[in-house]
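> Right, I'll just put the structure down here and ask away after.
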Amino acid sequence: MALGQDTRTPKSARRAANDGDTMSVDWRGFARRLGARSYILLLLILVMVIGGMLSPFFFTGRNIQNILVTGSTVSVLAIGQFAVIVTAGIDLSVGAILALGTVVTALLLEHGQSTLVTIVVCLALSAIVGLLNGALVVYARITPFIATLGTMTLLTGVAYIVQSGTQINITDQGFLNAIAGDTFGVSNLILIFLVVTIVSALVAQFTPYGRQLYAIGGNAEAARLSGIAVKRDLLLAYAFSGLMAGLAGVMLAAELQQGSSLVGQGDELTAIAAAVVGGASLFGGTGSPLTSVAGGFVIGIITNIMNLLGIASQPQLITQGLVILIALYLTSGDCPRLVAAIGARIPHRRSAGGPDGAPSDDAPKSAATGPVERLREP
Amino acid sequence: MSSPVTDTAGAGVVLEAIKISKSYPGVRALSNIDLSLQAGRIHALVGLNGAGKSTLVKILSGVERPDSGELRVRGTHVNFHGPRDAVAAGLVTIHQELSVLPNLSVAENVMLAAIARSEIRPISWTRIRATARSVLARLGSDLDVRLKARDLSVAQQQVVELAKALQGKASAILLDEPTATLPQRDVDILFTVMRRLRSQGTAMVYISHRMEEIYEIADSVSVLRDGHLAGTYAMADLPAGRIVKEMIGTTEVDEAATQVDTGPSQQRTIGEPVLEAARVGDGKTIFDISLTLHRGEMLAVAGLVGSGQGELSKCLFGARKISGGTLRVNGRAIKRLTPRRAIRLGVGLLPADRKYEGLILGMSIRDNTTLANHRRYSRFGILQNRDESRETKRITSELRLKAYSIAQAAGTLSGGNQQKVVVAKWLVAQSRILIFEEPTRGIDVHAKQEIYGLIHDFVARGGSAIVLSSELSEVMMCDRAIVLAKGRVVGELGHEEMISDRNRLLEMFA
Ligand SMILES: Nc1ncnc2c1ncn2[C@@H]1O[C@H](COP(=O)(O)OP(=O)(O)OP(=O)(O)O)[C@@H](O)[C@H]1O
Ligand SMILES: [Mg+2]
C-alpha cells in the first residue's frame, strides 16, 4: 500500500483539518513513543513495589525525598551523558568534572564570591572542559573513550591540587539555601533536576539539534551528507555533558555542604548505566533523556532499598551489577526482538493501523538494530 | 500461453518451501508461498519493491524463521535455527551486501568452511591454495588466490563467494540482487559462472529487477506480489511483458509504465550555467575533470562502476576534498565547499550507497525524509512534526513507497523502498541542483518510471540534474552525456548523437 492515499482513519482526517494551527507539534506521536518505551516505566514501578514490600520505610515521605534528592544529581549527570552516548560517544570524565565542580564551588565561596558568580564560573569552567573533550574527539580524532579517560585522570589530579587539603566546607547560607533549600516544601535540588529533565526532553524530541544528535549517532556519514554540522553538534554535545556534570557538582556541593576531590568517583559509570538501562545503545542513535533519568532511578531505588535493609556495601555491588545486566537484557538485548517476534505472530492485530495509527511503531526499530541486522553488514 | 509449473516432486527437487508465511509488525511480508527448486535449474524470483523476495531468501537461508509453513531439503523436513543450519544443509546465500572477509586472501575465503571444520589439518597453505585454485577453475576463473579480498572488484568478490559455495558442496545457491551493483561486463562473467554451476547440477534462486537478465538466465520464474505468489511459470512459454504484468497485478496494467522512457527531452529552455567544474581532481581517482551544468538541463555522467563517478559526485557536492581545479555554483567560485554549504546553495546529492551514505537506518521514514532541511520544518526552533508528516506522506505516496507507516524505521524497508526514501529526502529539500548517483539501482520497473518522471519534472521546473549512471538507457534520457573512464573524461555527446551514434556511446562505455 502506498502512504497517504490509503486507509485514512476518521481520526487522522480530523487531525488534517486542524493543520492550520500555528504550532503543530506531534504530541500524540510523542506519547506513543513514550508508551512503546513503557518497559522502563514498568521496571520503575516494579522496583518501587518491591521496595514497598520489603521495607515499611520505603514509602515514607522522608525516604522518597531522599531518593529524589540523591537521584537529582545522578539524573543531571545521566542526561548529559545521554547527549554524548546518543552520538555513539561516551564521556568518562563527568565524575571528575563533578568533583572539580564541588571543589571550585567551595573554593570560590570561601573566597567570598557571590552565589551567582560562583555558579556561573563553575558552570562555564565545566562546559569548557566538556568542549575540550569534544575538541579531542572531533579535531584530534581520539576515540571518545580514550579522550575522556585522559581528561578524567587529568581533572582528578587538578581537583586534588586545587583543593590542597582534605576538603573545603561551605558555610555560605545564601548559596546553600539557593541550591539545596526548599521552595514550597520541595527541595530546590529536585526542582533543578525537574527543569533540566523537562527542557532536555523537549530539546531532544522537538528541536533540530536533538534530531541531529540522533542522526549522527545513527549514521554519521549519512548525517554529514545531509548537511548536518556534525563537528559542531558533537562539540556541543560534549560541552553539554560537561555543563551538566558541573551543575551536578554545584548541586552536590550544596547538598554535602563541602567541596571534595573525592566525591563523584565512579559516578560516570552510574551515569552511563542509567542511560543504557534507559534504553540508550552505546552504538548511538537510540534512547532519550527521560528514559535515561528513569534508568537512573531504577538503579537509585534499588540502592535505596538495600540501604534500608541494611545490606553491606559489597553484596550491594553484586546486586547492583546483576540488576544492570538484567535491565540491559530487557532493554537492549535480545528481549525486545523476542517481544517483537511474539507480537508479529499475533495475527492481524497489528496491521490494523493506518499510516500513523499503528501502535507498534517502535517494535521494528528494535528489530532493525538487533544483532541479526548488524551482522549482515560487512 | 504460459502454464504454471506444477510441483514435480521428483528426484530433481533440491529444496521445497511449502505454504511459507511471515509477518513483521504491521505487515504481512509473505503469505502461503510455495517454491520448489530443481537441481540444475535457475529459478528467478521477481516482484516490485517490498513484494517479499528478500524475506523469502532470508527464510530459505535460515536468517529469519517463518511464522508457518515448512521447508524440505531433498524431501526431508528441516528446521533452520540460523544461517549455519542452512549452510550445513547445502544452501548457500549470496546477499546483496557481500560477506567476503576483506583481510583474508582469496584462498582463505574460498576455503573458510573447510579450515573452520579442520578438514585440512595440519593446515597446509599449499593444499589450501591448490584446492581454492581448482574450485575457482571449475568456475572458469583464474583469480590469483593470494590476493586479499579487499583488493578485488565487486564482481571478483562475487566469484569468490560462489567458489566458497561450491567448495562447501552447495546444492542450492540463493542470489539476492547480485547484479545491482555490477557493470555489464561483470554481469556476463557472473552469468557464465552461473551457467557452469547449472550444468554441474546446482539449483539457484536468482533475484533481479532487470527483466532482460531474467529472460536471459532463468529457466523458471515465480512472481511475488504483495507477499502473495502471483504465479510460477516456465520461462520458455512466457510472452515478453507478461512477467511485469503479473508483478504489477492485472488490474493496473499500464504499458507505458513498463518501458524505460528514452524519448528525447521536451523542448526545454536551457539557461545559464549553474554548476561548473574546471579541471577538478582529487589527486587519487579522478583527474582534470571539467563540466558545466546549465539551468533546466539533465547531464549524464556515464561510466562503469569504478570509473570515478562516485568520487566525482562527492567532489561536486563538497563531500570529498578536491586537490586541484575550481568549482562554481551559480557563477560564483566556491573556495571550500562542504555538504552543508552545498545544500545551502541548493545542491543535493543522492548517493548510490543508501545504507552507508543515504539513510539513518534506525530513524523513521519521516525523520529521514526531512533530515536535510530542518530549517524548513521548524518554526521558532521547534520542529513542526505535523508539517513534516504531511510533506513526507505526500512525497512518499508520489513515489509509491511501500510502508505501513511513516514512523517505520528506514532499516525495516525493502531495499528499493529505502532508495525511495533517499529520493524523497532530496526532493523535499527544495534543491535546485540534484546529483543522482545510480538513481534507480535496486528500484523496480514500476517505480523506475516514477523516478524518471520526477527527475524530468524537476528539470522542467527549472531545476538541473546530473545523473551518474552505468545504465545506457538512463544515460540516453539525458540532454547531454559526459563519458568517464578511469577517472578522466573521455568523451561528450549531445542527445541526438547518443541516439544516432549509440555504438559510439557503447564503445566509450567499455
Ligand atoms: N525487519 C522488518 N520489520 C518490519 N518490516 C519488514 C522487515 N523486513 C522487511 N519488512 C517488510 O517486509 C516487506 C517485504 O520486504 P522484502 O525486503 O522482502 O522486499 P523485496 O521484495 O526484497 O523488495 P526489494 O525489491 O525492494 O528488495 C516490506 O514491506 C518490508 O518493509
Ligand atoms: Mg530485497
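> Could you run through the stretch B:339-380 and say how many residues are among the small types (Gly, Ala, Ser), within 7 Å of chain A (Cβ to nearest Cβ) and part of a strand (DSSP E or B)?
Of the residues in that region, 1 qualify.
> Looking at the stretch B:423-443 only, could you name the residues that are assigned to a helix (DSSP H, G or I) and either facing another protein chain (nearest Cβ under 8 Å) or of a type in the set (Gly, Ala, Ser) (or both)?
Answer for the stretch B:423-443, where residues must be assigned to a helix (DSSP H, G or I) and either facing another protein chain (nearest Cβ under 8 Å) or of a type in the set (Gly, Ala, Ser) (or both): B:ALA424, B:LYS425.
> Charged (D, E, K, R), loosely packed, with under 12 Cβ neighbours inside 10 Å and either at pLDDT below 85 or in contact with a helix residue (DSSP H, G or I) (Cβ under 9 Å, 6 or more places away or on another chain) (or both): is that true of B:GLU108 in this structure?
no
> State which residue pairs qualify: first residue within 16 Å of ligand 1 (Cβ to nearest atom) and inside the stretch B:157-177, second residue of a type in the set (D, E, K, R) in any location, beta carbons under 8 Å apart, and separation of 6 or more residues or different chains.
From the stretch B:157-177, the pairs are B:ASP176/B:LYS53.
> Step by step: first the residues of the stretch B:86-105, then only those that are more than 27 Å from B:LEU147 (Cβ to Cβ) and away from chain A (no Cβ under 14 Å), then the one that is nearest to the chain's Cα centre (by Cα). Which residue is that?
Top of the filtered list is B:LEU91.
> Right, something else. Residue check: is B:ARG379 in contact (Cβ under 8 Å) with a residue 12 or more places away in the chain and open to solvent by 10 Å² or more (accessible area, probe 1.4 Å)?
No.
> Which of the numbered conditions does B:ALA447 fail, given that it passes all the others? Conditions: (1) of a type in the set (Gly, Ala, Ser); (2) part of a helix (DSSP H, G or I); (3) on the phi > 0 side of the Ramachandran plot.
B:ALA447 satisfies every listed condition except (3).
> Now for a separate question. Please identify the pairs in which a residue from the stretch A:114-142 that is farther than 30 Å from A:ASN177 by Cα has its Cβ atom under 6 Å from the Cβ atom of a residue that is of a type outside the set (A, V, I, L, M) and assigned to a helix (DSSP H, G or I), counting only partners at least 6 apart or on another chain.
A:ASN133/A:THR148; A:ASN133/A:THR151; A:ASN133/A:TYR238; A:GLY134/A:TYR238; A:VAL137/A:PRO144; A:VAL138/A:LYS231
> Follow-up question, since we're still on this one. Assess whether B:ALA256 counts as being away from ligand 2 (no atom under 16 Å from the Cβ), modelled with pLDDT of 90 or more and either more than 14 Å from chain A (Cβ to nearest Cβ) or crowded, with 16+ Cβ neighbours inside 10 Å (or both).
Taking the combined requirement at face value, the residue does not satisfy it.
> Does A:LEU116 satisfy being buried (at least 19 other Cβ atoms within 10 Å of the Cβ), among the aliphatic types (A, V, I, L, M) and part of a helix (DSSP H, G or I)?
Answer is no for this residue.
> Same structure again: Kindly establish whether B:GLY453 is within 16 Å of ligand 2 (Cβ to nearest atom) and more than 8 Å from every other protein chain (Cβ to nearest Cβ).
No.
> Next question, about the same structure. Identify all residues within the stretch B:386-422 that are touching a residue at least 24 places away in the same chain (Cβ under 8 Å), more than 9 Å from ligand 1 (Cβ to nearest atom) and facing another protein chain (nearest Cβ under 7 Å); write none if there are none.
Scanning the stretch B:386-422 gives B:THR396, B:ARG400, B:LEU401, B:SER405, B:ILE406, B:ALA407.
> Next question, about the same structure. Identify the residue in the stretch B:34-67 that is part of a loop (DSSP other than H, G, I, E, B) and among the polar types (S, T, N, Q) and, among all such residues, is farthest from ligand 1 (Cβ to nearest atom).
B:SER61
> Just checking, how many residues over the stretch B:461-487 are open to solvent by 10 Å² or more (accessible area, probe 1.4 Å), part of a strand (DSSP E or B) and closer than 10 Å to B:GLN309 by Cα?
Looking only at that region, the number is 1.
> Check the stretch B:450-459 and report whether any residue there is touching a Gly at 6+ places or on another chain (Cβ under 7 Å) and buried (at least 21 other Cβ atoms within 10 Å of the Cβ).
Taking every residue of the stretch B:450-459 in turn, at least one turns out to be touching a Gly at 6+ places or on another chain (Cβ under 7 Å) and buried (at least 21 other Cβ atoms within 10 Å of the Cβ).
> Only residues in the stretch A:35-52 that are assigned to a helix (DSSP H, G or I) count as the first member; pair them with residues that are among the small types (Gly, Ala, Ser) and at pLDDT 80 or above, Cβ under 6 angstrom, at least 6 apart or cross-chain, and list the lot.
A:ILE40/A:GLY278; A:ILE40/A:ALA294; A:LEU44/A:ALA294
> Pairs, please: C-beta under 6 Å, at least 6 apart or cross-chain, first residue under 15 Å from B:GLU437 (Cβ atoms) and in the stretch B:284-307, second among the basic types (Lys, Arg)?
So the pair list comes out as B:LEU299/B:ARG480.
> Can you tell me which of (1) open to solvent by less than 20 Å² (accessible area, probe 1.4 Å); (2) charged (D, E, K, R); (3) within 14 Å of chain A (Cβ to nearest Cβ) is the one B:LYS53 doesn't meet?
Condition (3) is where B:LYS53 drops out.
The values are calculated or read from the model by the stated rules, or taken from the named source; none is laboratory data. Quick caveat: nothing in here was measured; it's all calculated off a predicted structure. Note that each Cβ is placed from the backbone with ideal geometry, even for glycine, and that neighbours are counted across all protein chains shown. Accessible surface areas use protein heavy atoms only, side chains included; no ligands, DNA or RNA. Shrake-Rupley method; radii C 1.70, N 1.55, O 1.52, S 1.80 Å.
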